[in-house]
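Trainee: Structure below; questions to follow.
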Amino acid sequence: MPGFNYSKWDRIELSDDEETHHPNLDKNLNIRVNRITRDRKEEEIDTEKEKLTAAGKHDQAEKLENKRPLHVDNICHVAEERTIIQSSSGRKDTFKKGEESFKVDDYSLFKQDNQSLLDSFEKADWEESRNLLINHGDVLMEEYANSYYMLTALEEEMKGHRKKMEKLCKQGQIISQIFQLAEPMKRPPRDLVPRFFERFEGDASKAAFQEGVDHFKNQLIQRAIVKKQEEAKEEAEAAEEEQQPEEDAQPVSLVEAMYTMTPEERKGPGGLDPVEVFESLPETLQQCFKSGDVDMLKQVASSMDPAEFDNHFKRIVDAGLWSKG
């Protein structure tokens, strides 16, 4: 659809707070590891870009930037943002300039606080969508909501949920196209909601809107295919590594990743350093952590002195190496 640029969505990645890790491992610790690893990759790209720019190789620097994976923490940047707050004294507008529009923790909190409304908008028809955007624009016209539908659509396509992905794409494109309509006008997107729906009243206009939805949907399907190929390659490489002889007391990959983090970054929910705790464990307990095998943990518990096991297990939980939930 002319006027709408979808190319950046070719590089979107799944959000790093998804449950892609073992359910017995502390979720917050896994999220921090994923973020630190991702940030280091970002730094590598930035460093290489600086070298290319300094050498006058601007075209190569631009190509490198275009290959940077997009995720919730860098999916867009705003020069001006208006936050609308409803209060008993009326509507208040505040502006923020030159700030990153996304922070992972804020995005996760946004989803948690507004999941019911996000679900309602996902299921809404055209007229219901208009009403929800007008009445709840303070939430649904946030950049977080815009990216939520795009990222969630990719996740659902990865899971094979095509119909749900298509609905998420359509609802996401309503928000996305309102943002793009507002951009050249230098207006807050929420103010353009009525005009957007007036513009797309006719059949021809709705067909043009659907063309944009289909274009994005096809790009997302292709991205999901590539993403699955990337994951299959990673799984194959991981399986190959597992077949190789292990060194004695070889740390698991999660611990290896934490060796590159500061003690403060990798600190568990109880304030303990997971690396120090892991290395202090008996081999039998290390194997439980490596495998995430609950039955194995029960067997070790039954064969170990209860007081000794309780002491180890408390430290394991406090370090985030195991989740009681």
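Trainee: Give a quick list of GluC sites (Glu not before Pro) in the stretch 164-211 that DSSP marks as loop, anything other than H, G, I, E or B, with at most 15 other Cβ atoms within 10 Å. Walk me through the numbers before you get to the answer.
Mentor: Working: sites: Glu166, Glu198, Glu201, Glu211; in loops: Glu201.
The qualifying sites are Glu201.
Trainee: Show me, bin by bin at 10 Å from 0, the whole-percent P(r) of the stretch 273-320 based on Cα pairs.
Mentor: 27, 65, 9
Trainee: To continue, here is another question. Accessible area of the stretch 103-181 with a 1.4 Å probe: how many percent of it is carbon plus sulfur?
Mentor: On the way: 1450 of 3200 Å².
So the carbon and sulfur contribution to the accessible surface is 45 percent.
Trainee: Which trypsin sites (Lys or Arg not before Pro) does the stretch 130-204 hold that lie in a coil by DSSP with at most 15 other beta carbons within 10 Å?
Mentor: Lys159, Lys186
Trainee: Oh, and also: Given a Förster distance of 22 angstrom, what is the FRET efficiency for Met185 paired with Asn218, based on the Cβ-Cβ distance and rounded to 0.05? Please report the intermediate quantities before stating the final value.
Mentor: On the way: r = 28 Å, r/R0 = 1.29.
So the FRET efficiency works out to roughly 0.20.
Trainee: While we're on this one: Extension gain Glu43-Glu231, at 0.36 nm per residue separation less the Cα-Cα distance, in nm?
Mentor: Working: separation 188, 0.36 × 188 = 67.68 nm, distance 2.25 nm.
So the extension gain works out to 65.4 nm.
Trainee: I've got another one for you. Across the stretch 303-316, in residue order, what do the Karplus-derived ³J(HN,Hα) couplings come to in whole Hz, using 6.51 cos²θ - 1.76 cosθ + 1.60 with θ = phi - 60° and x for Gly and Pro?
Mentor: Rounded to whole hertz, the list is 9, 9, 4, x, 5, 5, 5, 4, 5, 5, 5, 4, 5, 4.
Trainee: Right, another one. Among the listed pairs Lys41/Lys228; Lys164/Lys186; Lys163/Lys228, give every one whose C-alpha distance is greater than 22 Å. The partial results should precede the final answer.
Mentor: Working: Lys41/Lys228 20 Å; Lys164/Lys186 33 Å; Lys163/Lys228 19 Å.
Where the Cα-Cα span goes over 22 Å, the pairs concerned are Lys164/Lys186.
Trainee: Taking 0.36 nm per intervening residue step and subtracting the Cα-Cα distance, what contour gain separates Ser108 from Lys206 on full extension?
Mentor: Working: separation 98, 0.36 × 98 = 35.28 nm, distance 3.28 nm.
Between Ser108 and Lys206, full extension yields an extra 32.0 nm.
Trainee: So who's got an amide H within less than 5 Å of the one on Phe200, skipping anything under 5 residues away but keeping other chains? H placed 1.01 Å off N, in plane.
Mentor: Excluding prolines and chain starts, which carry no amide H, there are no hits.
Trainee: If you take the square roots of the eigenvalues of the alpha-carbon gyration tensor of the stretch 154-212 and sort them as a ≥ b ≥ c, do you get rounded (a/c under 1.5), prolate (a/b over b/c) or oblate? Could the numbers behind the result be given before it?
Mentor: On the way: a/c = 3.14, a/b = 1.67, b/c = 1.88.
Judged from the Cα gyration tensor, the stretch 154-212 comes out oblate (a/c at least 1.5, b/c at or above a/b).
The values are calculated or read from the model by the stated rules, or taken from the named source; none is laboratory data. All figures in this text were calculated on a predicted structure; none of them were measured in a lab. Backbone-built Cβ (ideal geometry, glycine too); neighbour counts: all protein chains shown. Quick note on the areas: whole protein, heavy atoms, side chains included, nothing else; ligands and nucleic acids left out. Shrake-Rupley method; radii C 1.70, N 1.55, O 1.52, S 1.80 Å.
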